[in-house]
């Protein structure tokens with residue numbers, strides 16, 4: 001049966017708009033109870049049995065058997081060999097993307113990631129010391145879903161921040177494997193390794209890499225095993241099991257975010273070729289059926305033209321079935337009264353990716369407060385941001401752009417306050433602290449400050 005994509009057609013002028021709009025936006029982030037329980041069991045098992053549990057789960061879920069964790073570790077020579085074995089065009093594209101991502105994050109570090117201090121009128125030194133995390137883990141989807149761009153976006157800002165150990169985990173399931181369990185082969189059965197992912201790890205400066213995935217990989221990174229070192233933070237996307245595991249280990253380690261389905265919102269004034277906008281909507285819809293693609297536009301005829309292009313282009317897409325279901329279930333083409341109203345609705349949505357596809361995007365950008373990334377102008381397709389523009393493509397989803405930010409250098413740094421009080425400063429601050437400490441009933445605090453008074 002031919003796939004048909006008919007995103008909901010809404011108008012802000014309709015009396016039912018608010019109800020229909022809310023229904024289209026609704027997405028439950030609640031995980032299935034069975035997944036939550038299974039993840040809890042896996043985490044507890046890995047925490048207790050370490051490498052042995054990781055080996056068993058890798059054999060069971062990925063069909064990848066080994067007699068020890070050393071067989072599941074990728075050496076730096078393997079990563080380099082993967083890079084050297086790529087076609088020249090892929091090597092050049094990977095290096096060009098890495099240069100742009102590194103350049104952006106180096107600028108970000110200069111802007112917000114440096115230590116600073118000053119002395120006040122009494123000569124006391126006050127400031128902030130910025131230091132990198134010692135060790136981080138990056139999770140990269142593997143098997144049929146291979147994302148070398150995710151390697152670059154997670155590893156490069158960590159390296160720019162100054163992280164010394166970057167541990168990558170990537171599942172490499174055996175084709176046709178089933179969750180049957182069992183282990184014991186003398187060496188690891190070669191799974192579905194993606195050479196571009198391994199090459200990206202080489203280019204991005206990954207320190208160590210393991211062919212493991214799922215909740216067991218998250219557990220190994222969070223708790224540490226005999227072979228896999230414990231990390232300070234875990235970043236990177238994954239399936240429902242990975243998301244649940246990251247949520248559960250938060251507190252033992254830091255995490256970047258709990259990501260929901262991918263999203264794109266296009267603000268269009270009707271001046272961009274409609275086939276460009278249709279394909280931009282496809283670019284997120286093809287991720288999975290839960291992805292969301294929305295168009296906001298004050299021109300009804302233009303919305304009709306975009307729908308016509310959706311109809312024309314969809315049969316050409318290899319992932320047409322996924323795109324059609326995503327657009328039918330969660331997509332929307334919304335007619336607004338004007339671009340100002342479109343901007344206001346965009347702020348309510350707080351999308352992951354926001355395209356301002358208009359003749360004068362800088363006219364509207366000041367009105368836009370909440371978005372993971374803002375793509376300005378008709379030539380700025382979201383896909384360029386995914387791969388090589390430079391800014392990070394790990395972005396807040398599900399409206400969390402209202403209070404969170406893209407992954408960046410700052411996610412791989414921590415800040416320590418610096419305080420050096422001079423003798424003169426102690427005379428001023430000691431009296432203040434004494435009064436406040438007595439007011440709180442903390443006499444030892446007060447005495448400690450008073451002892452330094454002349």
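The values are calculated or read from the model by the stated rules, or taken from the named source; none is laboratory data. Since the model is a prediction, treat every value here as computed from it, not as a measurement. All Cβ positions, even for glycine, are placed from backbone atoms using ideal geometry, and neighbour counts span all protein chains on display.
Within the set 95, 56, the sole residue that is modelled with pLDDT of 95 or more and either under 27 Å from residue 203 (Cα atoms) or touching a helix residue (DSSP H, G or I) at 6+ places or on another chain (Cβ under 8 Å) (or both) turns out to be 95.
Among residues of the range 124-160 being in contact with a helix residue (DSSP H, G or I) (Cβ under 6 Å, 6 or more places away or on another chain) and part of a loop (DSSP other than H, G, I, E, B), the one that is farthest from residue 421 (Cα to Cα) is 146. In the condition set (1) closer than 30 Å to residue 407 by Cβ; (2) over 22 Å from the mean Cα position of the chain (by Cα), residue 97 is compliant with all but (2).
Residue by residue, here is whether (1) assigned by TED's automatic domain parsing to the domain that holds residue 353; (2) at pLDDT below 95; (3) touching a strand residue (DSSP E or B) at 6+ places or on another chain (Cβ under 9 Å); (4) surrounded by fewer than 20 Cβ atoms within 10 Å (Cβ to Cβ) holds:
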| residue | (1), (2), (3), (4) |
| --- | --- |
| 230 | no, no, yes, yes |
| 238 | no, yes, yes, no |
| 279 | yes, no, no, yes |
| 285 | yes, no, yes, no |
| 295 | yes, no, yes, no |
| 307 | yes, no, yes, yes |
| 334 | yes, no, yes, no |
| 342 | yes, no, yes, no |
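Across the range 202-247, the number of residues qualifying as under 20 Å from the mean Cα position of the chain (by Cα), farther than 16 Å from residue 172 by Cβ and in a helix (DSSP H, G or I) comes to 14.
To keep it simple, each residue is scored yes or no on (1) out of contact with any helix residue (DSSP H, G or I) (no Cβ under 8 Å at 6 or more places or on another chain); (2) in the same structural domain as residue 63 (by TED's automatic domain parsing); (3) more than 30 Å from residue 348 (Cα to Cα); (4) modelled with pLDDT of 95 or more.
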{"position": "190", "(1), (2), (3), (4)": "yes, yes, yes, no"}
{"position": "203", "(1), (2), (3), (4)": "no, yes, yes, yes"}
{"position": "210", "(1), (2), (3), (4)": "no, yes, yes, yes"}
{"position": "217", "(1), (2), (3), (4)": "no, yes, yes, yes"}
{"position": "220", "(1), (2), (3), (4)": "no, yes, yes, yes"}
{"position": "243", "(1), (2), (3), (4)": "yes, yes, no, no"}
{"position": "250", "(1), (2), (3), (4)": "yes, yes, no, yes"}
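Residue 387 satisfies every condition listed in (1) in contact (Cβ under 8 Å) with a residue 40 or more places away in the chain; (2) crowded, with 19+ Cβ neighbours inside 10 Å; (3) more than 13 Å from residue 343 (Cβ to Cβ) except (2). Right, residue 65: touching a residue at least 60 places away in the same chain (Cβ under 8 Å) and touching a strand residue (DSSP E or B) at 6+ places or on another chain (Cβ under 8 Å) or not? Taking the combined requirement at face value, the residue does not satisfy it.
All of 371, 446, 378 fail the test of being crowded, with 17+ Cβ neighbours inside 10 Å, out of contact with any strand residue (DSSP E or B) (no Cβ under 6 Å at 6 or more places or on another chain) and either not in a helix (DSSP H, G or I) or not assigned by TED's automatic domain parsing to the domain that holds residue 272 (or both), apart from 446. Annotation: residue 121 fulfils all but one of (1) in contact (Cβ under 8 Å) with a residue 40 or more places away in the chain; (2) assigned to a loop (DSSP other than H, G, I, E, B); (3) more than 23 Å from residue 415 (Cα to Cα); the unmet one is (1). Residue count for the range 150-175 satisfying the condition of being within 12 Å of the chain's Cα centre (by Cα) and surrounded by fewer than 23 Cβ atoms within 10 Å (Cβ to Cβ): 0. Might you check whether a residue that is on the phi < 0 side of the Ramachandran plot, touching a residue at least 60 places away in the same chain (Cβ under 8 Å), more than 17 Å from the chain's Cα centre (by Cα) and not in a strand (DSSP E or B) occurs anywhere in the range 252-269? Yes, the range 252-269 contains at least one residue that is on the phi < 0 side of the Ramachandran plot, touching a residue at least 60 places away in the same chain (Cβ under 8 Å), more than 17 Å from the chain's Cα centre (by Cα) and not in a strand (DSSP E or B).
Among the numbered conditions (1) outside any helix (DSSP H, G or I); (2) free of Cβ contacts under 8 Å to residues at least 40 places away in the same chain, the only one that residue 48 does not meet is (1). Exactly one of these conditions fails for residue 77: (1) exposed (fewer than 14 other Cβ atoms within 10 Å of the Cβ); (2) in contact (Cβ under 8 Å) with a residue 40 or more places away in the chain; (3) part of a helix (DSSP H, G or I). Give me its number. If we test residue 77 against (1) exposed (fewer than 14 other Cβ atoms within 10 Å of the Cβ); (2) in contact (Cβ under 8 Å) with a residue 40 or more places away in the chain; (3) part of a helix (DSSP H, G or I), just (2) comes out false. I need the full set of residues from the range 281-291 which are in contact with a helix residue (DSSP H, G or I) (Cβ under 6 Å, 6 or more places away or on another chain) and closer than 15 Å to residue 306 by Cβ, in order please. Listed by number, the residues that qualify are 282, 283, 285. Restricting 40, 96, 66, 88 to those that are farther than 30 Å from residue 328 by Cβ and surrounded by 16 or more Cβ atoms within 10 Å (Cβ to Cβ) reduces the list to 66.
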